[in-house]
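The values are calculated or read from the model by the stated rules, or taken from the named source; none is laboratory data. Note that the coordinates shown come from a computational prediction; the quantities given were computed from them, not determined experimentally. Note: ideal-geometry Cβ built from the backbone for every residue, glycine included; neighbour counts use all protein chains shown.
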Amino acid sequence: MRPPAWTGRSRGSAWGHRFLFAWLRRFGLEATYLFIDLFILPYYLLFAPSARRASIQWMEAVHGPASAPQRLRWIWRHLRAFAHSLVDQMMVIAGRADAFTLEHPGAETLRGAYAEGRGLLLLSGHVGARAVAGELLRGIKLNLAVFENEAPAIRRAWAAGRADQPAPRVLGISADPLSGLKLLRALKAGEAVAILADRALGDTLEIPFMGRPCRFPRGPFLLALLARAPVVCAFSARRGRRSLIFEAKRAPEVSYLPEDKEESMRSLARWYVAELEDFARAHPEQWFNLYDFWA
């Protein structure tokens, strides 16, 4: 039985996010990790069969077939890494990035692209602690492009985190191509737009990933061509108990001629997918697309 395809809605509730923020503030980082390990992870191991199947599917795509005990270890470590990454992001949003050692070899690439004044399209994915990048984007007018049904929860998370730091503007998008116009306006105004380009809703492109055909959203790559803004691919991951790494690479220039539009989009998408695959292979337990990614 295959894991179900992603529906555009993530697990979790507003109450759950508020509770974890409150617990984190009251008891600290290590106590929050322990609470998750003792109470939340066992629930997901028992009552989230689709996440378990997707975890095994991903780990076997990286490492090959495994025995039942090895699969169980993979699932535990994978789901644990996912849960801990959410806590790490909450810690950063709450203004406590100093709790981690952060390596950011790509930060200057990102800032240099933004300094050109043509806007910045920041492509990322569901890998690692994405909010880590927020601390590296001070002084950059940032817009987060998220699916409409997830936008309220993300706004609440930022609002619950801290009041002393301006939150990024959250722009809800949908499968409707016209919803991307707000992103285009932001880029044309010289602002930065961050978008997760590894979950497909609406019109898609088929690009090989981990040796198998896979669907990726067409929208981010069409947006890049229309805006003619610099494109930077950025990912983050945990390295050790309290160490995080942020990497960013600038995309090669593509043709903006109308007759080359389709191939230019595919070229940019292939570049992004290759970067995503390289990073995910290097940090397999930081891969958080816990559904049938190849459906």
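Values as computed for the structure displayed
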| quantity | calculated |
| --- | --- |
| Qualifying helices (runs of 4 or more DSSP H) (wholly inside segment 35-99; at least 2 residues being touching a Lys or Arg at 6+ places or on another chain (Cβ under 7 Å), within 18 Å of V127 (Cα to Cα) and not β-branched (V, I, T)) | 68-93 |
| Matching residues, segment 237-295, being closer than 22 Å to G219 by Cα and among the β-branched types (V, I, T) | V254, V273 |
| Checklist (1) in contact with a Phe, Trp or Tyr (Cβ under 8 Å, 6 or more places away or on another chain); (2) modelled with pLDDT under 80; (3) under 19 Å from F288 (Cβ atoms) applied to G16, failing item | (1) |
| Search result, residues across segment 96-129 that are among the β-branched types (V, I, T) and under 21 Å from A251 (Cα atoms) | T109, V127 |
| Out of S67, S174, sole residue that is modelled with pLDDT of 90 or more and of a type in the set (G, A, S) | S67 |
| Residue count for segment 25-56, restricted to those that are small (G, A, S) and crowded, with 18+ Cβ neighbours inside 10 Å | 3 |
